[in-house]
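The next block holds one structure in the form of structure tokens; read it before the comments.
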Amino acid sequence: MTEYESRKWMILVATIWIQAFTGTNFDFSAYSSELKAVLGISQVQLNYLATASDLGKALGWSSGLALMYMPLWSVMFVAAFMGLFGYGIQWLIILDFVSLPYFVVFFLCLLAGSSITWFNTVCFVLCIKNFPSNRPLALALTVSFNGVSAALYNLAAISLNPSSTHIYLLLNAFIPLLTSIVSLIPILRQPPVDPLPSDSIKHEQLIFVLLNFLAIITGFYLLFVHSNDLSTARVIFGGAILLLVLPLGIPGIIYARDWFQRKVFSSFTLQGSGFLLVDDDDLEFHREFLSRENSQISVTSYGVNGDGPTLTLSLTRFIGSSGDGDEGSCCGKMIGEDQLFMLGEEHKAEMLVKRVDFWLYYFAYFCGGTIGLVYSNNLGQIAQSLGHTSMTSTLITLYSSFSFFGRLLSAAPDFIRLKFYFARTGWLAIALVPTPIAFFLVAASGNEAALQAGTALIGLSSGFIFAAAVSITSELFGPNSVGVNHNILITNIPIGSLVYGFLAALIYDNNAAAGFATFSIQMVNDSVVCMGRKCYFSTFIWWGCLAILGLVSSVLLFLRTRPAYERFEQNRRIS
């Protein structure tokens, strides 16, 4: 392995570490009940604090602006100190070392949430710059580890103090800073980026396959290997750290055994864009191909003659043809109106918000991934109201692990496309199916098994959506505009956090006021805890119905975009 290649893989591993330890908003439910008690606030006010953390995603553009004037490493440390200040002060508040008004705590949550988007920007830039030939694989792998943050923090918290919940805030404050320090040297020693020969691209692709297998092992380890015993938990946490360090050895093994790679590649078909669903080169060809008015490729025969094999194809462009013969029906008009003709067409912001497909996509995300994120923010109160307070850390780990698996599964269409091709928007619709099922399951039964099963399904579904969204935005509305367009899309997260969380908190407080509440010794300033299935029953029904609307939106999006995906696949094969 050359020195430059070694540096590149060090950067990828550093990016995995950053993502794995900076998803700090996923453990909010672990300490939310204690924060609510100390501040003496209602469930509605607690929801506003969760919304403040999610509002950081609406401010993601600020990190891009900072990169225009600051080096990458300094942006990473600004993010670390934002988290240190935001979470650290909240930890002091819970310990009663300082007393601050509610609006200041709101600002601290906003600051801590913003730090996560800054870290994400650093990771995206590192992947895009250092892996231009396999950028989608690098992004999918590293983003997946962001979903496992809560499970790692849960292990760390149990290792330090199993009886404390405010320890999560202390970990949220310091671990990202320590991770930034460890990642500094690889970032400062980034190698120059040169075009890779085809053999090197294949080397990279095989390494990504092995890294995904290692990621799956890490996810299962965090899901099934756990203990509340202090000493055992420390050993388990050490094993998790070892699994995060192991990727450092894989590139060395691969490049040291070049002869083995040739044998492996003889049995794998990892060639060019066939390994990925859509990359920039494919999209560029696709746009050029369809931009020729009435273009035709005419070939009349395929056979073997004296000059060798010849191939003749005939392709005629039919603009505006959706492939659906039922143009006159109401459903046909709904699907055909303002329909995308091809993938990869660049959409500026003003053009984007006028597209029907964008709003179907926005609503599918709003009623899918976002509603799952709000559910995770309420896990502490949900478990408490159902009498399963001791299960809170288990549920957090369960949601985190299955969110991780969902993110990894978002790359499955790319791996199996040579065997089975299906539009990515169709996979999005399939991924939304478990969400309403999970909410109705939890509403129907409040026992431990139903709660665990529902949490796992919601984590799997929302994780897939979070990871697949970047690729879908790029494919539908253009790769060059994805930075702006995806930030517009994820504005639904703070909106959904506010709306869904307010709905849940309002029902919770109303049930508490109606007599389904009990006061804990730890509660102050009239803060109450609602106990019983009624606290969240109506919320689960509402969320389930909204998830069905999101599923309907995703199905309509699939039907409207399927012809564009089919055209793209046909043109890619011809190319």
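Structure notes:
- Computed FRET value (nearest 0.05) for residue 59 with residue 81, which takes r as the C-beta separation and R₀ as 22 Å: 0.85
- Eigenvalues of the alpha-carbon gyration tensor of the stretch 107-163, scaled by 5 and square-rooted, set the equivalent ellipsoid semi-axes at 28, 17, 7 angstrom, largest first.
- When the surface is traced with a 1.4 Å probe over the full set of protein chains, residue 98 keeps roughly 50 Å² accessible.
- For the stretch 401-409, Karplus couplings with θ = phi - 60° (6.51, -1.76, 1.60), whole Hz, Gly/Pro x: 5, 6, 5, 4, 5, x, 5, 5, 5
- Here the convex hull built on the C-alpha positions of the stretch 69-109 has a volume of 67 cubic angstrom per residue.
- Residue 107 accessible area, 1.4 Å probe, all protein chains in place, Å² to nearest 10: 110 Å²
- In order through the stretch 361-372: 3J(HN,Hα) via Karplus (6.51 cos²θ - 1.76 cosθ + 1.60), integer Hz, x for Gly, Pro: 5, 4, 6, 5, 5, 4, 9, x, x, 5, 5, x
- Using the Cβ-Cβ distance between residue 574 and residue 349 with R0 set to 45 Å, the FRET efficiency from 1/(1 + (r/R0)^6) comes to roughly 0.85.
- Values of log10 I(q)/I(0), in the order q = 0.17 Å⁻¹, for the stretch 1-143 under a Debye, Cα-only, solvent-free model: -0.92
- Virtual spin-label span in nm between residue 231 and residue 103, 7 Å along Cα→Cβ: 5.3 nm
- Here the label points at residue 188 and residue 445, each 7 Å from Cα along the C-beta direction, are separated by 5.7 nm in the simple model.
- The label point for residue 341 and the one for residue 480, both projected 7 Å from the Cα toward the Cβ, are 1.9 nm apart.
- P(r) tail fraction, the stretch 423-492 - alpha-carbon pairs more than 19 Å apart, %: 45 percent
- Trypsin sites (Lys or Arg not before Pro) within the stretch 376-483: DSSP coil, no more than 14 neighbouring Cβ in 10 Å: 419
- Rolling a 1.4 Å probe across all protein chains gives residue 36 an accessible area of roughly 10 Å².
- Close amide H partners of residue 533, meaning residues 5 or more places away or on another chain with modelled amide H under 5 Å apart, do not exist here.
- For the set 535, 545, solvent exposure ranked by accessible area (probe 1.4 Å, protein chains only) runs largest to smallest as 545, 535.
- The largest accessible area among 189, 560, 234, 567 belongs to the first residue in 234, 189, 567, 560, and the rest follow in falling order (1.4 Å probe, all chains).
The values are calculated or read from the model by the stated rules, or taken from the named source; none is laboratory data. As the structure is a prediction and not an experimental result, all values here were calculated from the model. Neighbour counts run over all protein chains shown; Cβ positions are idealised from the backbone, glycine included. Surface areas here come from the heavy atoms of the whole protein model, side chains and all, with no ligands, DNA or RNA. Shrake-Rupley method; radii C 1.70, N 1.55, O 1.52, S 1.80 Å.
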